[in-house]
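Below is one structure, written out as structure tokens; the observations come after it.
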Amino acid sequence: KFRGRIGPDKDDQKSITILNRAVKWGNEGISYECDQRHADLIVSNLGLTGGNSRVTPGIKCDAPENSPALSGGDRVMYRSNVAMGIYISQDRPDISFAVKELSRQQSCPAESYFESLKRLGRYLIGPPRLVHMFSYQEASPLVTYVDTNFAGCLRTRKSTSGGIIMHGSNVIKHWSSTQSVIALSSGEAEYYGLVNGAVMSWELKPCARTWE
């Protein structure tokens, strides 16, 4: 579906909304504002409107063995709000890890993870909006940064791989994912993270050549 064309010419549009994401053409570059509606819904659904904010979206949390499972209504609320978090985390690197950890408990969430969900909601009170700025620049190579959290999950002993890909000064991709294998050392976990980052970067190279 053709929604319009943004550009520098006088007949071109200067802003357009795509799936509640606002894209604007400016003199300094193109801005891309993430969908803030779902962030507002998470805060509202959790009854946190007007509450105090947190400076971090989440911390490493492993539910104790005796942590009771959520009841039917709370379980539905948990899954619904985490699903909205997954949607907005595509555009928000700051909440990727927290949402990834919450989504791992979708099948049988415990009460302790509902507290982690509330922490995410309180964080979204502070910066409910996030705007990416894609500045105009000369041809630039792709630069990929990766890191791992060795055996970060105390229950499964699995590690987390995270990374971000830059095209010059612009962020074009980010991720946070639990490794599918159990690394036996921090070096092995880092190696898996490097391979994952290399694959992500290679998939974007044709796009980078087109932009250049």
### Task
Over the chain, give the accessible area per residue in Å² for a 1.4 Å probe, as an integer.
57 Å²
### Task
Give the relative contact order (percent, whole number) for region 49-155; include only Cα pairs under 8 Å separated by 6+ residues.
44 percent
### Query
Hey, any idea what % of the chain's accessible area is carbon plus sulfur with a 1.4 Å probe?
54 percent
### Query
For labels at Val131 and Ser169 in the simple 7 Å Cα→Cβ model, what's the distance in nm?
1.6 nm
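The values are calculated or read from the model by the stated rules, or taken from the named source; none is laboratory data. All figures in this text were calculated on a predicted structure; none of them were measured in a lab. Backbone-built Cβ (ideal geometry, glycine too); neighbour counts: all protein chains shown. Areas reflect the complete protein model, heavy atoms only, side chains present, ligands, DNA and RNA absent. Shrake-Rupley method; radii C 1.70, N 1.55, O 1.52, S 1.80 Å.
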